[in-house]
Amino acid sequence: MLYRVIGLMSGSSLDGLDIAFVELEELGGKWSYKLIGADCIPYSAEWQKRLAHANSISAADFVALDADYGRLTASMVNDFIDQNELGYKVALIASHGHTVFHVPGSHSIQIGDGAAIAAGTGLPVVSNLRSMDVALGGQGAPIVPVGEKLLFAEHRFFLNIGGIANISFNGGVQYDAFDVCAANRVLNMLVNTIGLDFDDNGSIASSGRINEQLLDSLNSLDYFSQQYPKSLANEFGTSTVFPLIQAAGLSVEDSLATYAEHIAIQVGKSAAAIMHQNGLTISGESLLITGGGALNGYLVSRISQQLSPLGIEVIIPDQVTIMYKEALIMALLGVLRWREEDTVLASVTGASRSSIGGALWMGSH
């Protein structure tokens, strides 16, 4: 069975809306994909501000923002369809939405009203992909592992470095996955202080010196001693980690170098914890890195150094896969929801059972 789907992903880095048009095919239980077109549509300065402050507005304003962002999403999708001449070729839209609140075990809220997207595009829309898992007692995250398991079976370890870094391991019988630490959101906030959007290839971080005192403080935060399943809210990076770095009074170069080292150390510790849980000593495995952080050569080199003693080889895929893997997987989750098949794994989130997540909105009669 062949499905032509648009997947949408908005990450905590606030760079824009990732849109991917994908052909997904299932034959005898095996899935394959062809990523036909993809783009990241940047948010305007006004929308970056609205999204950044979405967690501090009134309930009435929040409801209005949910609808407004749904209409914005529909407009972006319509433009993408027009520019890529996809009229009448898209059967379904799967939208992750933009996460505003994520309180593990309580609620996970993504704005971008699915009804507004369906009404604005005239296409069926799957949204609210995390809610069922949370209702079943799960963390509501990560939800990407189902897609990794079905579409990237040649790897067993996965690391996505977005606003938050998360790691996954396909153990065959069980799938382990959890959030590692805040990542690009903090790195970007640091370079924002000197007027830059991001540290290109980690060149600024590579010129800095690691501050051991700050590094110890970061690695000692309570989250890193918790057992998985576990997940992080965006506020962990913005309200806990970033102020801790600022209080150290370091240069931007030294702050970036220290925080990159912190990310690398936590990735190494996370991989080691997964290996211990699965009875592995030297893994002999490959780890596929995607997300914007995969383009940060300095950070990748530090991660590689941490993983090398574990026998894990770092793999960097093509740039399209790096940037749009999550949007691609959102498309798959939409199809699985349409087929009424599980989209979230209980072994990953800690829910009472795996579940079919997502609300379905029909765009036209």
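Please specify each residue of region 321-345 satisfying the condition of being surrounded by fewer than 19 Cβ atoms within 10 Å (Cβ to Cβ), in a helix (DSSP H, G or I) and more than 15 Å from the chain's Cα centre (by Cα). Don't jump to the end; show me each part of the working.
Narrowing region 321-345 to residues surrounded by fewer than 19 Cβ atoms within 10 Å (Cβ to Cβ): 321, 338-342.
Add one more test, that the residue is in a helix (DSSP H, G or I), and what stays is 321, 338.
Trp338, the sole residue that qualifies.
Suppose we filter Ile109, Ile57 for residues that are without any contact (Cβ under 8 Å) to a residue 12 or more places away in the chain and in contact with a His (Cβ under 8 Å, 6 or more places away or on another chain); which single one remains? Let's see the steps before the verdict.
Values: Ile57 fails: in contact with a His (Cβ under 8 Å, 6 or more places away or on another chain).
Exactly one residue qualifies, and that residue is Ile109.
Take Gly195 and decide whether it is without any contact (Cβ under 8 Å) to a residue 12 or more places away in the chain, in the same structural domain as Gly293 (by TED's automatic domain parsing) and surrounded by fewer than 18 Cβ atoms within 10 Å (Cβ to Cβ).
Working: without any contact (Cβ under 8 Å) to a residue 12 or more places away in the chain: yes; in the same structural domain as Gly293 (by TED's automatic domain parsing): yes; surrounded by fewer than 18 Cβ atoms within 10 Å (Cβ to Cβ): yes.
Against the criterion (without any contact (Cβ under 8 Å) to a residue 12 or more places away in the chain, in the same structural domain as Gly293 (by TED's automatic domain parsing) and surrounded by fewer than 18 Cβ atoms within 10 Å (Cβ to Cβ)), Gly195 qualifies.
When you check Gly70 against the structure, is it touching a residue at least 12 places away in the same chain (Cβ under 8 Å) and under 18 Å from Lys325 (Cβ atoms), yes or no? Explain how you work it out, then say what you get.
Values: touching a residue at least 12 places away in the same chain (Cβ under 8 Å): yes; under 18 Å from Lys325 (Cβ atoms): no.
Answer is no for this residue.
For residues in region 101-120 being of a type in the set (Val, Ile, Thr) and buried (at least 21 other Cβ atoms within 10 Å of the Cβ), which is nearest to Asn234 (Cα to Cα)? Give the derivation first.
Going through region 101-120, the residues of a type in the set (Val, Ile, Thr) turn out to be 103, 109, 111, 117.
Next cut, buried (at least 21 other Cβ atoms within 10 Å of the Cβ) only: 111, 117.
Working: Ile111: 14, Ile117: 24 Å.
Among those that are of a type in the set (Val, Ile, Thr) and buried (at least 21 other Cβ atoms within 10 Å of the Cβ), it is Ile111.
Return a yes/no flag: does region 171-187 have any residue that is under 23 Å from Ser255 (Cβ atoms) and touching an Asp or Glu at 6+ places or on another chain (Cβ under 8 Å).
Step one: list which residues in region 171-187 are under 23 Å from Ser255 (Cβ atoms), which gives 179-187.
If we keep only those that are touching an Asp or Glu at 6+ places or on another chain (Cβ under 8 Å) as well, we get 187.
Yes: one or more hits.
Is there a residue being surrounded by fewer than 21 Cβ atoms within 10 Å (Cβ to Cβ), touching a residue at least 60 places away in the same chain (Cβ under 8 Å) and part of a loop (DSSP other than H, G, I, E, B) anywhere in region 250-260?
Scanning region 250-260, I find no residue that is surrounded by fewer than 21 Cβ atoms within 10 Å (Cβ to Cβ), touching a residue at least 60 places away in the same chain (Cβ under 8 Å) and part of a loop (DSSP other than H, G, I, E, B), so the answer is no.
With the structure loaded, tell me whether Val103 is over 24 Å from Leu51 (Cα atoms) and assigned by TED's automatic domain parsing to the domain that holds Glu341 or whether it fails that test.
Values: over 24 Å from Leu51 (Cα atoms): no; assigned by TED's automatic domain parsing to the domain that holds Glu341: yes.
Criteria not met by Val103.
Please state which of the following conditions Val180 fails to meet, knowing it meets all the rest: (1) under 27 Å from Gly311 (Cβ atoms); (2) loosely packed, with under 15 Cβ neighbours inside 10 Å.
Here Val180 clears every test but (2).
Can you give me the number of residues within region 99-116 that are among the acidic types (Asp, Glu) and touching a strand residue (DSSP E or B) at 6+ places or on another chain (Cβ under 6 Å)?
Summing the residues that are among the acidic types (Asp, Glu) and touching a strand residue (DSSP E or B) at 6+ places or on another chain (Cβ under 6 Å) in region 99-116 gives 0.
When you scan region 1-120 for strands (runs of 3 or more DSSP E) that lie fully inside it, which ones turn up with 3 or more residues that are farther than 24 Å from Asp133 by Cα?
On the way: elements: 2-10, 16-27, 30-42, 92-103, 107-111.
It comes to 2-10, 16-27, 30-42.
With respect to Trp47, is the statement that it is more than 24 Å from Ser239 (Cβ to Cβ), surrounded by 12 or more Cβ atoms within 10 Å (Cβ to Cβ), modelled with pLDDT of 95 or more and aromatic (Phe, Trp, Tyr) true? Even if it seems obvious, please write down each step before you answer.
Working: more than 24 Å from Ser239 (Cβ to Cβ): no; surrounded by 12 or more Cβ atoms within 10 Å (Cβ to Cβ): yes; modelled with pLDDT of 95 or more: yes; aromatic (Phe, Trp, Tyr): yes.
Answer is no for this residue.
Which of (1) part of a helix (DSSP H, G or I); (2) closer than 29 Å to Ala205 by Cα; (3) of a type outside the set (Gly, Ala, Ser) does Glu313 not meet, given it meets every other one?
Tallying (1) part of a helix (DSSP H, G or I); (2) closer than 29 Å to Ala205 by Cα; (3) of a type outside the set (Gly, Ala, Ser), Glu313 fails exactly one: (1).
Every residue, every condition in (1) part of a loop (DSSP other than H, G, I, E, B); (2) of a type in the set (A, V, I, L, M, F, W, C), yes or no:
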| site | (1), (2) |
| --- | --- |
| Asp133 | no, no |
| Gln139 | yes, no |
| Pro142 | yes, no |
| Asn160 | no, no |
| Ile167 | no, yes |
| Asn188 | no, no |
| Phe198 | yes, yes |
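Could you tell me whether Ala165 is under 13 Å from the mean Cα position of the chain (by Cα), crowded, with 24+ Cβ neighbours inside 10 Å, under 27 Å from Leu65 (Cα atoms) and not assigned by TED's automatic domain parsing to the domain that holds Gly357?
Working: under 13 Å from the mean Cα position of the chain (by Cα): yes; crowded, with 24+ Cβ neighbours inside 10 Å: yes; under 27 Å from Leu65 (Cα atoms): yes; not assigned by TED's automatic domain parsing to the domain that holds Gly357: yes.
So Ala165 fits the description; yes.
Determine if region 68-79 includes at least one residue that is more than 26 Å from Phe236 (Cβ to Cβ), surrounded by fewer than 14 Cβ atoms within 10 Å (Cβ to Cβ) and of a type in the set (Lys, Arg).
No, there is no match, as no residue in region 68-79 is more than 26 Å from Phe236 (Cβ to Cβ), surrounded by fewer than 14 Cβ atoms within 10 Å (Cβ to Cβ) and of a type in the set (Lys, Arg).
For region 200-244, which residues satisfy the criterion of being surrounded by 13 or more Cβ atoms within 10 Å (Cβ to Cβ), of a type outside the set (A, V, I, L, M, F, W, C) and not in a helix (DSSP H, G or I)?
Ser207, Gly208, Asn211, Tyr228, Pro229, Lys230, Ser231
Please go through (1) over 16 Å from the mean Cα position of the chain (by Cα); (2) part of a strand (DSSP E or B); (3) not β-branched (Val, Ile, Thr) for Leu288 and return the number of the only condition it doesn't satisfy.
(1)
Determine if region 256-271 includes at least one residue that is of a type in the set (A, V, I, L, M), in contact with a Cys (Cβ under 7 Å, 6 or more places away or on another chain) and under 30 Å from Asn219 (Cα atoms). First the steps, then the outcome.
Let us first name the residues in region 256-271 that are of a type in the set (A, V, I, L, M), namely 256-257, 260, 263-265, 267, 271.
Retained after the next criterion (residues that are in contact with a Cys (Cβ under 7 Å, 6 or more places away or on another chain)): 263.
So of that shortlist, the ones also under 30 Å from Asn219 (Cα atoms) come out as 263.
Looking through region 256-271, at least one residue is of a type in the set (A, V, I, L, M), in contact with a Cys (Cβ under 7 Å, 6 or more places away or on another chain) and under 30 Å from Asn219 (Cα atoms).
The values are calculated or read from the model by the stated rules, or taken from the named source; none is laboratory data. If you're wondering where the values come from, they're calculated on a predicted model, not measured in any experiment. Every residue, glycine as well, gets a Cβ built from its backbone with ideal geometry; the counts of neighbours run over all protein chains shown.
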